[in-house]
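A quick write-up on the structure given underneath.
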Amino acid sequence: MPSLNHYLLLSLLLFGLGVTGVLIRRNALVILMCVELMLNAANLALVAFGRAGGGLDGQAFALFSMTVAAAEVAVGLAIVVMIFRHTGSTDIEHIRLVGGGAEENR
Amino acid sequence: MSPESIALPLALIPLLPLLGAVLNGLFGRATNAKVSGALATAAIGGSFAVALSLFLQFQQLPEEGRRLLVTYGPWMHVGSLSLDWSLLLDPLSLLYALFISGVATLIHLYSIGYMGQEPSFARYFAYLNLFSFAMLTLVLGGNYLVMFLGWEGVGLCSYLLIGFWFSDPEKASAGKKAFVVNRIGDFGFLLGAFLLFGHVGSLDYGQVQAGVAGLPVGHWLPTAAALLLFLGATGKSAQIPLYVWLPDAMAGPTPVSALIHAATMVTAGLYMIARNHFLYSLAPAALLTVAIVGASTALFAATIGLAQRDIKKVLAYSTVSQLGYMFLAMGVGAYTAGLFHVVTHAFFKALLFLGAGSVIHAMHHVYHKVHDHHRDPQDMRNMGGLAKRLPITYWTFLVATIAIAGFPPFAGFFSKDEILWQAFATGHWPLWLMGLCAAGLTSFYMFRLLFLTFHGTYRGGEAEAAHFRENALVMTLPLMLLAVLSAIAGFWGMPHFLDFAHLGNRFDEFLAPVFHSGSDLALRHAVEAHGNVALEWTLALGSVAVATLGLLQARRWYLQKPELAARAVERHPRLHDRLLNKWYVDELYEAVVVKPVAALCEACSRQVDAGLIDGAVNGTARLAEVAAQGVRRLQSGRLPHYLTAMALGVALLLALVFTR
Amino acid sequence: MEGILFVLLSVMALGGGLWVLLRRSPVDSVLGLLTTMVAIAGHYMLLDAPFLAAVQLIVYGGAVVILFMFVIMLLNLREDRPSARRLAPGRWVYALAGGIVLLSLAGVFQGGGAPGSLAAGESGTVEAFGEALFRRWVYPFELTSVLLLAALVGAVALTRQGQAASKAEDKA
């Protein structure tokens with residue numbers, strides 16, 4: 001019988017995978033996918049906590065979270081498409097829309 | 001006569017010329033030279049009148065009562081330091097006040113004529129009055145601090161007056177040199193004063209004298225203080241090593257040279273030593289130093305005077321040399337003899353300078369008439385034969401020359417001879433010998449000056465010579481008065497062995513109360529008690545003989561056979577070069593002192609000021625800049641950086657949350 | 001029984017996650033994502049949240065994943081080049097950052113050490129959910145509709161702008 005801690009551990013691992021993905025991958029789309037992973041991990045934790053004695057609040061919270069996630073994906077993808085049109089690539093290394101850091105301003 | 005009764009008149013002595021200075025400074029420009037000069041002369045003349053009246057009253061007092069200290073009010077009361085404004089009237093300060101104000105009055109009068117065409121006359125007379133105020137404050141002060149006020153004041157006025165024509169950079173430079181060199185001496189003075197204050201806790205003359213009385217002879221404190229104060233004296237009174245400013249100071253107007261550099265300011269050092277005689281009596285090492293420096297300077301400066309061509313430069317080196325005599329006297333304990341020479345020297349040296357001024361003034365006039373602005377009116381090689389053209393100037397100048405050369409019965413003989421006798425009698429034979437040689441040289445170069453300037457034929461040609469006019473009474477009257485004084489002042493201080501008329505040594509007697517503890521009087525009595533009159537006669541005749549030799553040699557070389565002088569120069573070119581160029585002392589100082597100090601200043605300016613301080617300030621700015629550059633890298637525009645930053649930030653927050 | 005299901009579903013979820021992370025082709029990553037979504041839905045069922053499980057499948061599996069697919073095809077993305085897959089070597093500080101986050105989250109275990117038992121709480125049936133949504137959570141509910149509207153408009157507006165710009169470029 002899985003306990004709360006088990007669920008939390010799972011959530012934790014999923015979240016960690018998401019974070020790592022965000023930091024490692026260069027494709028903007030894959031990064032967004034990893035963000036979704038993180039969100040799901042959080043939702044899982046929410047529902048688990050709710051199940052552990054919080055009525056339906058945890059699930060309601062998770063529902064709203066999903067809603068927001070969906071909206072965010074829509075807008076985020078639209079932005080990725082825009083950037084692709086502008087720069088011809090989804091590689092985040094090639095996005096330099098903000099002016100320089102150390103390399104440019106000498 | 002009590003401190004209360006003389007409080008006002010005593011204060012008037014320095015304050016009258018101060019008032020004159022203020023009035024001339026503020027309003028003088030609106031008047032003309034005559035009015036401005038008359039005001040200044042009246043101010044200092046008033047001082048002299050007051051001093052004279054005090055002197056007459058002073059004679060009524062018994063000997064023990066001849067020391068009146070007047071306190072005018074507090075100056076500084078800080079902690080254990082307690083200083084008041086006070087003036088002291090005793091024989092020494094009264095003597096100085098008298099001859100200072102007297103000679104100064106004559107010189108102010110003379111200036112009305114000499115500076116009549118000067119556009120900045122108001123400034124001149126203001127400065128001259130200001131100087132008189134400072135000098136009188138110096139000699140009348142009742143404690144070291146009031147004296148120092150006057151000490152610094154005369155230094156300042158000296159600078160202002162030497163560099164009077166400051167638009168000429170050379171003259172301005174001379175003023176600066178005087179001030180800077182004096183500053184070194186002043187530093188010594190201050191240190192000496194601090195030393196005394198540290199030991200005694202007061203700067204009042206009487207209290208200091210009482211405070212050091214218990215110390216054993218040769219103790220380090222009076223010795224150190226005496227030497228430090230003497231350093232100040234070498235600056236003010238132009239002795240080795242700080243004499244170098246005085247010849248340069250001839251850049252100022254000639255009456256200034258007469259007043260400041262012959263009769264008054266340069267005598268401040270001697271006043272200081274006389275005032276501190278009790279200190280020097282406790283420090284034989286310091287006294288010996290004073291004597292050696294004095295004798296050396298006397299001889300050294302005399303050698304330089306031999307070769308100079310500028311009439312004022314000869315007189316300048318002569319002044320340095322004569323001051324050396326006075327210090328020699330002080331150094332062997334003959335305080336009153338030194339002071340006697342101070343007074344007689346004031347008369348004949350002022351006369352010499354004023355006479356030179358008269359000559360220069362006449363030369364200027366002639367050059368102006370023939371529209372020549374290139375020839376130097378002060379160069380003796382352009383003069384000659386002026387005795388007939390400027391008779392009053394010549395005869396008064398002659399009197400002064402005889403006086404300074406040390407021929408009896410004029411004043412210089414009595415004072416100089418007394419010094420030489422004292423030097424010999426106290427056992428300082430080498431110093432006596434140096435003084436004797438210097439006397440011979442003095443006679444030589446002074447008569448050289450006289451012959452070159454007034455005898456022979458005028459070297460500018462007969463036509464030019466016709467333009468010469470003797471100067472106005474305003475200028476010649478002071479000359480005549482000073483000539484009389486130079487002639488008869490000697491009789492005020494008759495030495496015993498010559499005292500056929502039994503005049504007594506009034507000078508010594510007048511000053512006796514000041515030097516109660518001095519070795520001076522005791523010594524004199526001891527020596528005279530031995531009745532060594534024969535020795536005195538011998539030495540006196542020796543001095544006169546030496547002076548005569550100088551006169552004759554000068555006559556031969558500059559009157560009878562000028563070609564001999566020229567040949568002597570040819571045969572000793574190196575020696576002549578060294579004499580003419582004042583033994584290259586200035587160049588030595590330049591290399592040894594000025595250049596290193598300038599280099600140090602340059603280094604400080606470059607490394608400390610520009611490098612360190614500016615560097616620190618700029619460095620702070622650069623630090624901000626560098627930090628900003630570094631921090632700016634966070635805004636790289638590169639997404640991976642931003643994502644990482646976010647992740648780390650979240651991690652930090654979580655850590656904080658979970659550890660609370 | 002539940003334990004076995006839990007383990008299976010967990011493996012599926014984690015496996016999907018790794019798939020997202022490690023595959024070269026974006027399409028593969030999307031499939032991995034889908035796997036994880038389904039697994040999570042299964043977990044919801046285990047946690048007595050049937051409504052949520054359904055919504056999860058519909059929204060995530062049916063909309064989000066499809067959207068991703070659309071965009072990949074729209075942009076005609078190929079496999080990421082090997083060098084493009086990961087950031088420049090030596091930048092594993094990023095991975096380290098991820099690890100640190102993970103460790104931080106482990107703090108969640110500090111609290112009650114005893115494994116909480118999941119008591120039979122309220123069942124997340126549709127009726128119960130509807131009740132909760134329209135009573136207790138009515139305001140957030142309404143606000144999220146506004147949010148969705150904003151997202152909708154924003155997405156369209158963004159892409160419309162871009163189209164207009166590129167059309168202008170084509171004409172010029």
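The values are calculated or read from the model by the stated rules, or taken from the named source; none is laboratory data. From a predicted model like this one, the values you see are computed outputs, not experimental measurements. Here the Cβ is made from the backbone with ideal geometry for all residues, glycine too, and neighbour counts use every protein chain on show.
Structure summary
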item: Per-region count, region B:47-77, residues among the charged types (D, E, K, R) and under 19 Å from B:Leu19 (Cβ atoms); result: 0
item: Single match in C:Leu67, C:Leu47, C:Leu75 (criterion: within 20 Å of C:Val126 (Cα to Cα), of a type outside the set (Asp, Glu) and at the interface with chain A (Cβ under 9 Å from one of its Cβ atoms)); result: C:Leu47
item: Unmet criterion (only one of (1) of a type in the set (Gly, Ala, Ser); (2) crowded, with 24+ Cβ neighbours inside 10 Å; (3) at pLDDT 85 or above) for B:Ala263; result: (3)
item: Of the criteria (1) in contact (Cβ under 8 Å) with a residue 12 or more places away in the chain; (2) out of contact with any strand residue (DSSP E or B) (no Cβ under 6 Å at 6 or more places or on another chain), which one B:Asn505 fails; result: (2)
item: Residues that are surrounded by fewer than 24 Cβ atoms within 10 Å (Cβ to Cβ) and closer than 22 Å to B:Thr548 by Cα, drawn from region B:382-398; result: B:Ala387, B:Tyr394, B:Trp395, B:Leu398
item: Qualifying residue in region A:86-95 (condition: within 7 Å of chain C (Cβ to nearest Cβ) and assigned to a helix (DSSP H, G or I)); result: no
item: Positions within region A:51-64 being within 7 Å of chain C (Cβ to nearest Cβ) and assigned to a helix (DSSP H, G or I), in sequence order; result: A:Arg51, A:Gln59, A:Ala60, A:Ala62, A:Leu63, A:Phe64
item: Hits in region B:96-126 - residues which are modelled with pLDDT of 90 or more and not in a helix (DSSP H, G or I); result: none
item: Complete set of residues in region B:178-226 that are of a type in the set (Gly, Ala, Ser), at negative phi and touching a Pro at 6+ places or on another chain (Cβ under 9 Å); result: none
item: Residue in region A:11-23 that is without any contact (Cβ under 8 Å) to a residue 40 or more places away in the chain, out of contact with any Gly (no Cβ under 8 Å at 6 or more places or on another chain) and within 23 Å of C:Gly154 (Cα to Cα) present; result: no
item: Test: residue in region B:386-400 that is within 30 Å of B:Val290 (Cβ to Cβ) and assigned by TED's automatic domain parsing to the domain that holds B:Leu541; result: yes
item: Count - residues of region B:515-556 that are at pLDDT 55 or above and in a helix (DSSP H, G or I); result: 25
item: Residues being more than 7 Å from every other protein chain (Cβ to nearest Cβ), surrounded by fewer than 18 Cβ atoms within 10 Å (Cβ to Cβ) and assigned to a helix (DSSP H, G or I) - total across region C:1-30; result: 10
item: Search result, residues across region A:1-42 that are in contact with a strand residue (DSSP E or B) (Cβ under 6 Å, 6 or more places away or on another chain) and modelled with pLDDT of 90 or more; result: A:Ile31
item: Any chance B:Ser296 is farther than 18 Å from B:Gly155 by Cβ and hydroxyl-bearing (Ser, Thr, Tyr); result: yes
item: Subset of region B:428-471 (residues that are assigned to a helix (DSSP H, G or I), at pLDDT below 90 and among the hydroxyl-bearing types (Ser, Thr, Tyr)); result: B:Thr453
item: Condition check for A:Phe15: more than 7 Å from every other protein chain (Cβ to nearest Cβ) and touching a Leu at 6+ places or on another chain (Cβ under 8 Å); result: no
item: Elements of type helices (runs of 4 or more DSSP H) contained in region B:589-660, each with 1 or more residues being over 60 Å from the mean Cα position of the chain (by Cα) and closer than 30 Å to A:Glu93 by Cα; result: B:614-632, B:639-658
item: Residue in region B:248-264 that is polar (S, T, N, Q) and assigned by TED's automatic domain parsing to the domain that holds B:Leu551 present; result: no
item: Selection from region A:19-38 of residues that are in a helix (DSSP H, G or I) and within 7 Å of chain C (Cβ to nearest Cβ); result: A:Val19, A:Thr20, A:Gly21, A:Leu23, A:Ile24, A:Leu29, A:Val30, A:Met33, A:Cys34, A:Glu36, A:Leu37
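Quick grid of which residues meet (1) within 13 Å of chain A (Cβ to nearest Cβ); (2) closer than 30 Å to B:Thr297 by Cβ; (3) touching a strand residue (DSSP E or B) at 6+ places or on another chain (Cβ under 6 Å); (4) not aromatic (Phe, Trp, Tyr):
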residue: B:Glu563; (1), (2), (3), (4): no, no, no, yes
residue: B:Ala568; (1), (2), (3), (4): no, yes, no, yes
residue: B:His572; (1), (2), (3), (4): no, yes, no, yes
residue: B:Val585; (1), (2), (3), (4): no, yes, no, yes
residue: B:Ile613; (1), (2), (3), (4): no, no, no, yes
residue: B:Leu623; (1), (2), (3), (4): no, no, no, yes
residue: B:Leu654; (1), (2), (3), (4): yes, no, no, yes
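Yes/no per residue for (1) of a type in the set (Lys, Arg); (2) touching a helix residue (DSSP H, G or I) at 6+ places or on another chain (Cβ under 7 Å):
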{"residue": "B:Lys561", "(1), (2)": "yes, no"}
{"residue": "B:Leu564", "(1), (2)": "no, yes"}
{"residue": "B:Ala599", "(1), (2)": "no, no"}
{"residue": "B:Glu602", "(1), (2)": "no, no"}
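Conditions (1) within 21 Å of B:Leu109 (Cα to Cα); (2) in contact with a Leu (Cβ under 9 Å, 6 or more places away or on another chain); (3) charged (D, E, K, R), marked per residue:
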{"position": "B:Ala21", "(1), (2), (3)": "yes, yes, no"}
{"position": "B:Gly25", "(1), (2), (3)": "yes, yes, no"}
{"position": "B:Lys34", "(1), (2), (3)": "yes, no, yes"}
{"position": "B:Leu39", "(1), (2), (3)": "yes, yes, no"}
{"position": "B:Ser47", "(1), (2), (3)": "yes, yes, no"}
{"position": "B:Leu52", "(1), (2), (3)": "yes, yes, no"}
{"position": "B:Phe55", "(1), (2), (3)": "no, yes, no"}
{"position": "B:Arg66", "(1), (2), (3)": "no, yes, yes"}
{"position": "B:Thr71", "(1), (2), (3)": "no, yes, no"}
